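First the structure, then my questions, so here it is.
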Amino acid sequence: MKVVDSNGSPPRTAPWSDATLVGILLLITLACYGNILINGFVYDDGNQILENPYVKNWHFLPQIFGSTVWSFVGQAGTTNYYRPLMTFSFLVLWHLFGPLPFGFHLFSLAVHAAVVLLVFFCGRRLFTDWRVGWTSALLFAVHPIHSEAVDWIAALPDIEATFFCLIALHLLADPLRLDRKRNTIVALSFGLALLCKEPAFMLAPLAILYIHAISPDHDQTSFRQKFTRYLPLGALAVAYLLFRTLLFGKLAPVLQRPTLGWSSTIYSAFAMILDYARMLTWPSSLSVFHVFHPYTSFFAPRALAGVLVVLALCAAFVTLSRRHAPAAFSLALAAATLAPVLNARWMAGSAVAERYLYLPSVGFCWFAGWCCVRLWNRASLGSARTSPSRLALVGLGCLLLAAASARTVLRNFAWRSDFTLYTETLKTDPDAHNIRANLATTREPYLRRKHNGTWFWRGSPIASKP
């Protein structure tokens with residue numbers, strides 16, 4: 001397979017076939033997350049699956065697609081979240097596996113593995129360099145920040161939304177082959193992503209940015225041609241906003257933190273940006289519930305540090321947009337898809353959550369992969385592939401990958417049960433009072449089966465054995 005080097009060098013040939021590159025990525029992904037298959041239902045899984053009547057009967061399809069994600073609990077379930085594809089996935093999985101967590105974890109792992117491969121193929125096409133795509137996918141596969149999204153069944157919307165967004169981006173990144181059929185698939189993928197989670201909405205402006213400034217043929221195509229490419233996405237985005245407004249009465253009917261003023265929301269957003277930047281670059285102290293602390297001053301150290309992160313990203317974007325547009329687009333993707341979750345007034349529970357980084361981390365991994373390839377190209381003064389500098393880079397890379405993989409595998413054990421999850425969370429966030437309250441009521445695993453074949457959850461019968 002011949003591709004163009006990310007630095008404009010003569011075409012290169014990948015040393016292995018696509019099947020080999022894909023196989024290595026799949027093996028590494030399985031090694032990192034294979035141990036989640038013995039985990040149980042934890043945290044919100046019990047409410048979203050075991051206690052949710054919508055996932056038990058196909059007759060609830062109108063409610064799944066015509067109401068919010070928590071509508072099954074009645075008025076108390078009023079929320080800003082519309083995630084019908086998650087509940088529909090649970091409906092299908094329930095009829096396949098019943099109340100067995102193995103099947104649900106297997107599905108999450110399968111979709112995550114598909115996302116890893118899409119990071120590779122889409123990155124290769126975007127940067128026209130197989131090394132950037134594969135290095136990025138390798139980093140995405142082992143990055144510990146993804147453990148929450150993959151381990152927690154109720155976090156499935158993050159994985160599904162990323163999957164559909166990457167399908168759309170992969171097709172958009174090959175403009176010479178875009179025809180009516182492919183444009184239809186792009187629009188369909190975007191529509192399905194919108195049914196997964198709200199941040200997928202940002203694919204529409206990202207597509208406009210790509211088509212006008214990043215696409216290889218953006219200088220040769222007219223405005224009308226560009227407009228016809230992203231018109232379906234724009235129409236779907238507008239239709240989605242109108243539908244949400246009709247469904248909820250407004251875009252976001254619930255203020256989760258009504259006492260939080262807009263100035264404090266903005267200051268807190270900068271501090272949250274610092275938290276997310278730290279988790280992407282140094283994923284330590286992972287927790288299912290990061291306690292939110294609002295900031296009331298622009299000059300708070302963490303808020304100021306967040307401002308510096310934003311300024312650095314803006315400077316990098318402007319510089320790279322002139323020198324290497326795909327790298328600039330990667331930064332734009334990371335920033336744009338993170339932006340919707342920075343409004344703490346709308347976010348329930350913990351305003352900062354690791355699963356919110358699943359989609360933004362695609363851009364981060366592409367950018368990091370591009371940096372690694374650039375560093376590799378500059379590591380040798382001559383053409384020797386075994387220069388000391390390159391050997392040192394290989395050693396450092398293997399060390400980091402091994403450490404990240406081990407951290408991911410160990411983190412998966414925290415999601416084994418409610419007891420282990422709540423106990424580990426309180427080690428990093430002892431002020432998480434709701435987690436402490438949950439731990440106080442946790443006495444046994446969610447699911448037990450009696451000899452007559454009836455399944456029980458917390459002592460109550462929920463279904464017959466499938």
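Values in this text are rule-based calculations from the coordinates and carry no lab data. Here the structure is a predicted model, which is why all the values come from computation and not from measurement. So basically every Cβ, Gly included, is an ideal-geometry build from the backbone, and we count neighbours across all protein chains shown.
Is region 328-377 rounded, prolate or oblate when judged by the Cα gyration tensor, a ≥ b ≥ c being the square roots of its eigenvalues, rounded requiring a/c under 1.5 and prolate requiring a/b larger than b/c?
Prolate.
Work out how much length Leu37 to Leu61 would gain on full extension: take 0.36 nm times their residue separation and subtract the Cα-Cα distance, in nm to one decimal. Numbers along the way, then the final one.
Values: separation 24, 0.36 × 24 = 8.64 nm, distance 2.81 nm.
Value of the extension gain: 5.8 nm.
If you don't mind, there's one more thing I want to ask. How many angstrom separate the Cα center of region 300-325 from the Cα center of region 137-191?
Centre-to-centre (Cα) distance: 25 Å.
Convert each backbone phi in region 391-406 into a coupling constant with the Karplus relation 6.51 cos²θ - 1.76 cosθ + 1.60 (shift: θ = phi - 60°), then list the ³J(HN,Hα) values in order as whole Hz, x for Gly and Pro.
So the J values, rounded to whole Hz, are 4, 5, 5, 4, x, 5, x, 4, 5, 5, 5, 5, 5, 5, 5, 4.
Separation between the Ala239 and Gln225 pseudo-spin-labels, each 7 Å from Cα along Cα→Cβ, expressed in nm?
It works out to 2.7 nm between the two label points.
Based on DSSP H runs of at least 4 residues, each adding -39500 (n - 2.57), what is the mean residue ellipticity at 222 nm of the chain after dividing by all its residues, to the nearest 500 deg cm²/dmol? Walk me through the intermediate numbers first.
Working: 17 runs with 268 residues, N = 466.
One gets -19000 deg cm²/dmol as the mean residue ellipticity at 222 nm.
What angle do you read, to the nearest 10 degrees and between 0 and 90, between the alpha-carbon axis of helix 84-97 and the longest principal axis of the chain?
Taking Cα atoms only, the helix is inclined about 70 degrees.
Another question, if that's okay. Can you give me the distance in nm between label points at Asp179 and Asn434, each placed 7 Å from the Cα along the Cα-to-Cβ direction?
Distance between label points: 5.1 nm.
Could you give the length gained on full extension between Glu51 and Thr423, defined as 0.36 nm per residue of separation minus the Cα-Cα distance, in nm?
Details: separation 372, 0.36 × 372 = 133.92 nm, distance 2.37 nm.
Working it through step by step, the gained length comes to 131.5 nm.
What is the angle, in °, between the Cα long axis of helix 130-142 and the longest principal axis of the Cα atoms in the chain? Nearest 10 is fine, range 0 to 90.
Roughly 20 degrees, rounded to the nearest 10.
Something else about it: Please give the FRET efficiency for Val254 paired with Ser284, using the beta carbon to beta carbon distance and R0 = 35 Å, rounded to the nearest 0.05. Show your work: numbers first, answer last.
Numbers: r = 33 Å, r/R0 = 0.93.
About 0.60, to the nearest 0.05.
From the phi angles alone, apply the Karplus equation (6.51, -1.76, 1.60; θ = phi - 60°) to region 371-379 and give each ³J(HN,Hα) in whole Hz, x where the residue is Gly or Pro.
4, 5, 5, 4, 5, 5, 5, 9, 6
Enter the mean projected area of the convex hull around the alpha-carbon atoms of the chain, in nm², rounded to one decimal. Please list the in-between numbers first.
Numbers: hull surface 96.1 nm².
So the mean shadow area of the Cα hull is 24.0 nm².
So between Leu399 and Ala110, what do we pick up on full extension, going 0.36 nm a residue minus the alpha carbon distance?
Contour length minus the Cα-Cα distance gives 101.4 nm.
On to the next question. With all pairs of different alpha carbon atoms counted, what Kirkwood hydrodynamic radius in Å does region 133-287 show? Present the calculation step by step, with values, prior to reporting the outcome.
Details: mean 1/r = 0.0553 Å⁻¹.
Taking the inverse mean of 1/r over all distinct Cα pairs, region 133-287 comes out at 18.1 Å.
Which three extents, in whole angstrom, do the alpha-carbon atoms of region 20-106 cover along their principal axes, largest first?
Answer, in whole Å and largest first: 50, 23, 22 Å.
With contacts defined as alpha carbon pairs under 8 Å and 6 or more residues apart, what's the relative contact order of the chain in percent?
Working: 662 pairs, mean separation 91.3, N = 466.
Normalised by residue count, the contact order of the chain is 20 percent.
For region 234-275, just the Cα atoms, rotate onto the principal axes and tell me the three extents in Å, largest first.
34, 23, 15
Pairing the Cα long axis of helix 18-33 with the longest principal axis of the chain, what angle in degrees results, from 0 to 90 and rounded to the nearest 10?
The angle comes out at about 40 degrees.
Please state the shape class of region 207-346: rounded when a/c is under 1.5, otherwise prolate if a/b exceeds b/c and oblate if not, all from the C-alpha gyration tensor.
Working: a/c = 2.51, a/b = 1.32, b/c = 1.91.
Oblate, since a/c reaches 1.5 and b/c is not below a/b.
Find the eigenvalues of the gyration tensor of the Cα atoms of region 303-403, then list the square roots of 5 times those eigenvalues as equivalent ellipsoid semi-axes, largest first, in whole angstrom. Walk me through the numbers before you get to the answer.
Values: eigenvalues 211, 62, 25 Å².
Rounded to whole Å, the semi-axes are 32, 18, 11.
Can I ask one more? I need the shape label for region 353-425. Rule: rounded when a/c is under 1.5, else prolate if a/b > b/c, else oblate, with a, b, c from the alpha carbon gyration tensor. All intermediate terms of the calculation are to be shown ahead of the outcome.
Values: a/c = 5.96, a/b = 2.21, b/c = 2.70.
The shape class here is oblate.
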